[in-house]
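Taking it in order: structure first as structure tokens, then the write-up.
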Amino acid sequence: MQMNTDKTGPARAFASSGTKLALAVFLGGAKGLVFFTAVRDYPTDVASAYGTSLTITLAVMMLGVGLNVIVVQRLAGKATRSGLLPEETGIVRSMAAVAVASTLVLATGVAFAGLAISLLDENGLTSAAYWSRVPSLLLIPVENLISGLLIVRGREGANLRTTLENFILTFLSALVLPWFGLDAVSALIVIGAFCVIIDILTVIRQWVRLGPVGKDLVQALKNGAPEFFSQPAAHLRTMLSAVAGASDGLIMMSSFAVVTALASRVSPEAAAITAVLISVIRTIVVPLKQYGLVAGKLTKAARGPDADPRSHMRLFITMVSAVMTLLGITFIVAPQLIAYAIGIERPSGGAMAAIRISGVQLLMEPLAGFASAALKVLTTPSAAMRPLMISMFGIALPAMLVFHFAGGLTLIVIWSTLLTARLVFCVQVLTIYLRWERNMGVPHAV
């Protein structure tokens, strides 16, 4: 009976804490999928352009994330409910200077990515979709800064509420878009405009929810530029440190940007299917990582003579596997249903095969996505870095480039290669996990 109690407590804490974190991330990722359904009545190259621009946008935006973590680290435990103390004001002013550095680096990345798109874009659709979203990208550092301050103030619920509101606004935008009867380029520009308006409203709503600290933040941002230019190197180092915390996302999204670009050379359908499936998998796997972080913290917190960290992790992996197995099997046995749900009209045989392959990948995510995130807490923050670089930079991208230049790249080849790379990553994560078990002094089953 005691054994059941011991398992029920961690399971309940895992499900509760993980879901709160994952829900906000899931809704944020699902926003990008909503507009795929809005353009389903346009030619395939419109969905391809939107998907390609979305993937590249997600890759570039990684240059501006991570500042919220630095803010929490430096202000954790400080009283900020009724405004900032002098010491805290200095920290926030320094973070505002880092936000300036982040914005400058982000703007450079945005410009280079936009130039590359403009040079490779044959019909102007991808350029229209990308450049209309650019103002949103430049807001990311300030959004991260405000988000960190909300967390410090114990207002995590405000971040979740904002994300939920954004999802509703995005859904309504996608709902009304077909009413305008726009041509393809105009539709993509309007989608970008909708996203920019929603992101501007996000900054405003988050700032209002800061309460008295909002006025201090405005002053800090005014002083941010002079602060940055007084010590640019120091603030750039802090910015790079923040980006390093999200380096696995940078590796994945930059790789996916290349994959989507290669798929666009195969056919508009290949690009559209690849882009939408990448968005779907990302929407599922990124929240899964939040569960992994919670699992790692709960497992690490297990103490006492009768505590069994291995038992905790295996319980959590079993819970995640139950959900992911059901989801993966649905992709495999009902690809037509998945295609309709994500806005793919009349999917070809190649598209059906790609959906099934992505379903097989989802079956591996309890280890590849969930356990790799938990190991960042249980071992080292860079636990997944080397395996991820090997699988993406050492296998997936080189193999696809070889197939591309050999004239053998197809939709099925793309997704088979991604599956192979993910399998290699999964094996490496399993090796690290078993090594962690041995270090715990608990024998594992063979």
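The values are calculated or read from the model by the stated rules, or taken from the named source; none is laboratory data. Worth saying up front: this structure is predicted, and the values here are computed from it rather than measured. Reconstructed Cβ throughout: ideal geometry from the backbone, glycine too, with neighbour counts over all protein chains shown. What goes into the accessible areas is simple: the full protein's heavy atoms, side chains included, and nothing from ligands, DNA or RNA. Shrake-Rupley method; radii C 1.70, N 1.55, O 1.52, S 1.80 Å.
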Tell me whether region 248-339 comes out rounded, prolate or oblate; compute the Cα gyration tensor, take square roots of the eigenvalues as a ≥ b ≥ c, and use a/c under 1.5 as the rounded threshold.
oblate
What does region 289-359 give for Rg and for Dmax, in Å, if only its C-alpha atoms count?
18.1, 59
Using only Cα atoms, what Kirkwood radius does the chain have, in angstroms?
23.0 Å
For region 113-248, what does the alpha-carbon gyration tensor say about shape, rounded, prolate or oblate, given a ≥ b ≥ c as the root eigenvalues, a/c under 1.5 as rounded, and a/b over b/c as prolate?
oblate
Mean Kyte-Doolittle of at least 1.6 plus a Cα span of 20 Å or more along the axis: flag which DSSP H helices in the chain meet both, please.
184-209
Using only Cα positions of region 200-298, each an equal point scatterer, no hydration layer, compute I(q)/I(0) via Debye at q = 0.10, 0.12, 0.22 Å⁻¹ and quote the log10 values to two decimals.
-0.55, -0.76, -1.08
For residue 435 and residue 380, compute 0.36 nm times the residue count separating them, minus their Cα-Cα distance, and round to one decimal in nm.
18.5 nm
With springs only between Cα atoms under 10 Å, which of 263, 341, 406 fluctuates most in a Gaussian network model of the chain?
406
Which percent of the accessible area of the chain is formed by carbon and sulfur heavy atoms (probe 1.4 angstrom)?
67 percent
Can you give the local net charge around residue 185? Use residues other than it whose beta-carbon is closer than 15 angstrom to its beta-carbon, Lys and Arg +1, Asp and Glu -1.
-3
Just going by the charge dipole of region 190-313, with Lys and Arg at +1 and Asp and Glu at -1 on Cβ, which of 219, 241, 280 is farthest out on the positive end?
219
If I histogram all Cα-Cα distances within region 314-408 using bins 10 Å wide from 0, what percent of pairs lands in each bin?
15, 30, 35, 19, 2
Once R0 is set to 60 Å, what does the formula 1/(1 + (r/R0)^6) return for the Cβ-Cβ distance between residue 219 and residue 406, expressed as a FRET efficiency to the nearest 0.05?
0.55
Only Lys, Arg, Asp and Glu count, each charged at its Cβ (+1, +1, -1, -1), so figure out the dipole size of region 330-446 about its Cα centre, rounded to 20 debye.
180 debye
Stokes-Einstein D (µm²/s) once Rh is taken as the Kirkwood radius of region 384-446 over alpha-carbon pairs, at 10 °C in 1.306 mPa s
121 µm²/s
Around residue 392 (Cβ within 13 Å, Cβ-to-Cβ, excluding residue 392; K/R +1, D/E -1) the net charge comes to +1
So if R0 is 51 Å, what FRET efficiency would residue 205 and residue 123 give, r being the distance between their Cβ atoms, rounded to the nearest 0.05?
0.90
Principal axis dimensions, largest first and in whole angstrom, of region 172-211 by Cα
43, 16, 8
Helix-only [θ] at 222 nm, the chain, -39500 (n - 2.57) per DSSP H run of 4+, per residue, nearest 500, equals -27000 deg cm²/dmol
Expected field for residue 345, accessible surface area in Å² at 1.4 Å probe radius, rounded to 10, holds 70 Å²
So, with +1 on the Cβ of K and R and -1 on the Cβ of D and E, and no other charges, what is the size of the charge dipole of region 242-357 about its Cα centre, to the nearest 20 debye?
220 debye
About the Cα centre, charge dipole magnitude for the chain (Lys/Arg +1, Asp/Glu -1 at Cβ), debye:
1260 debye
